[in-house]
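The values are calculated or read from the model by the stated rules, or taken from the named source; none is laboratory data. Computed from a predicted structure; not experimentally measured. Glycine gets a Cβ as well: all are built from the backbone with ideal geometry, and neighbour counts include every protein chain shown.
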Amino acid sequence: TQLLEQSPQFLSIQEGENLTVYCNSSSVFSSLQWYRQEPGEGPVLLVTVVTGGEVKKLKRLTFQFGDARKDSSLHITAAQPGDTGLYLCAGARSGTSYGKLTFGQGTILTVHP
Amino acid sequence: DTEVTQTPKHLVMGMTNKKSLKCEQHMGHRAMYWYKQKAKKPPELMFVYSYEKLSINESVPSRFSPECPNSSLLNLHLHALQPEDSALYLCASSQPPSRVGQYFGPGTRLTVL
């Protein structure tokens, strides 16, 4: 059972375009984390959101946590080739063991110059 | 210092070999993790250590043996691996609980011949 549905799976855009990646679930999460991973490297934590309705901005990246804490989105404005990578959302569920994150299937983003 | 280091970066081993992967962090984190990641897929949790004690084993085959000598170090001992065990092995750390976000190392690219 895939508890965190991430979409789209692939995204190929031109430099300067905007994009949004979604993570949806029927389960409530105590926090939602977004990571970016480049080939041959480990994922890098971009942001953690913990409060329903929370919005966080990191330069051209905007992260939102749904009011019910079941979904999240990542919006990138004016994408650049350096944004290329695998984007992963991961949720920590209340009541589960320490350390167990539920990962989405990932979005492979390619930004063409 | 927000760095998690892993050695070696690449490892090629035969099915009869014994080898170890090493991970180190100096962020004072008390939770450390081993993940296995196949290409373009999300990381799969293998083990979690919390306060130097094994708290989660995701039904990993016994040919993988984790060890946490102290709060900064995490090892993964490998023995009699199979070709399907070839993958990127990632170490991560965090303050428990993981809802605050995890910091990943660059990974060890393992190839089993």
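Can you say whether A:Leu46 is closer than 16 Å to A:Gly106 by Cβ, crowded, with 19+ Cβ neighbours inside 10 Å and within 10 Å of another protein chain (Cβ to nearest Cβ), as far as the supplied structure shows? It is false that A:Leu46 is closer than 16 Å to A:Gly106 by Cβ, crowded, with 19+ Cβ neighbours inside 10 Å and within 10 Å of another protein chain (Cβ to nearest Cβ). Checked against the criterion of being under 16 Å from A:Tyr22 (Cα atoms), touching a residue at least 24 places away in the same chain (Cβ under 8 Å), assigned to a loop (DSSP other than H, G, I, E, B) and of a type in the set (A, V, I, L, M), the candidates A:Ala68, A:Ala90, A:Ala78 yield just one match: A:Ala68. Of the strands (runs of 3 or more DSSP E) lying entirely inside the range A:1-40, the ones with 1 or more residues being of a type in the set (Val, Ile, Thr) and more than 13 Å from A:Gly106 (Cβ to Cβ) are found at A:10-14, A:19-24. Checked against the criterion of being within 30 Å of A:Gln6 (Cα to Cα), surrounded by fewer than 17 Cβ atoms within 10 Å (Cβ to Cβ) and at pLDDT below 95, the range B:60-73 contains not a single residue that satisfies it.
Here the condition is being within 13 Å of another protein chain (Cβ to nearest Cβ), assigned to a loop (DSSP other than H, G, I, E, B), crowded, with 16+ Cβ neighbours inside 10 Å and without any contact (Cβ under 8 Å) to a residue 24 or more places away in the chain; of B:Pro42, B:Pro106, it holds for B:Pro42 alone.
The condition of being within 14 Å of another protein chain (Cβ to nearest Cβ) and of a type outside the set (Phe, Trp, Tyr) holds for only one of B:Leu90, B:Leu73, that being B:Leu90.
Criterion first (surrounded by 20 or more Cβ atoms within 10 Å (Cβ to Cβ) and either over 24 Å from B:Gln6 (Cβ atoms) or not aliphatic (A, V, I, L, M) (or both)) does A:Ile76 satisfy it? Considered against the rule, which asks whether it is surrounded by 20 or more Cβ atoms within 10 Å (Cβ to Cβ) and either over 24 Å from B:Gln6 (Cβ atoms) or not aliphatic (A, V, I, L, M) (or both), A:Ile76 comes out as yes.
So for the range A:90-98 (the condition being touching a strand residue (DSSP E or B) at 6+ places or on another chain (Cβ under 7 Å) and away from chain B (no Cβ under 12 Å)), does at least one residue qualify? No, the range A:90-98 contains no residue that is touching a strand residue (DSSP E or B) at 6+ places or on another chain (Cβ under 7 Å) and away from chain B (no Cβ under 12 Å). When the range B:1-39 is filtered for residues that are outside any strand (DSSP E or B) and either within 23 Å of A:Gly104 (Cβ to Cβ) or more than 14 Å from chain A (Cβ to nearest Cβ) (or both), the ones remaining, listed by number, are B:Asp1, B:Gly14, B:Met15, B:Thr16, B:Asn17, B:His26, B:Gly28, B:Lys38, B:Ala39.
Checking the structure you have, find out if any residue of the range A:53-62 is among the β-branched types (Val, Ile, Thr) and part of a strand (DSSP E or B). Checked against the condition, which is being among the β-branched types (Val, Ile, Thr) and part of a strand (DSSP E or B), the range A:53-62 yields at least one hit. Scanning the range A:49-89 for residues that are β-branched (Val, Ile, Thr) and away from chain B (no Cβ under 14 Å) gives A:Val55, A:Thr62, A:Ile76, A:Thr77. Taking the condition of being assigned to a strand (DSSP E or B) and either at the interface with chain A (Cβ under 8 Å from one of its Cβ atoms) or of a type in the set (Phe, Trp, Tyr) (or both), how many residues in the range B:93-103 meet it? Here the count works out to 2.
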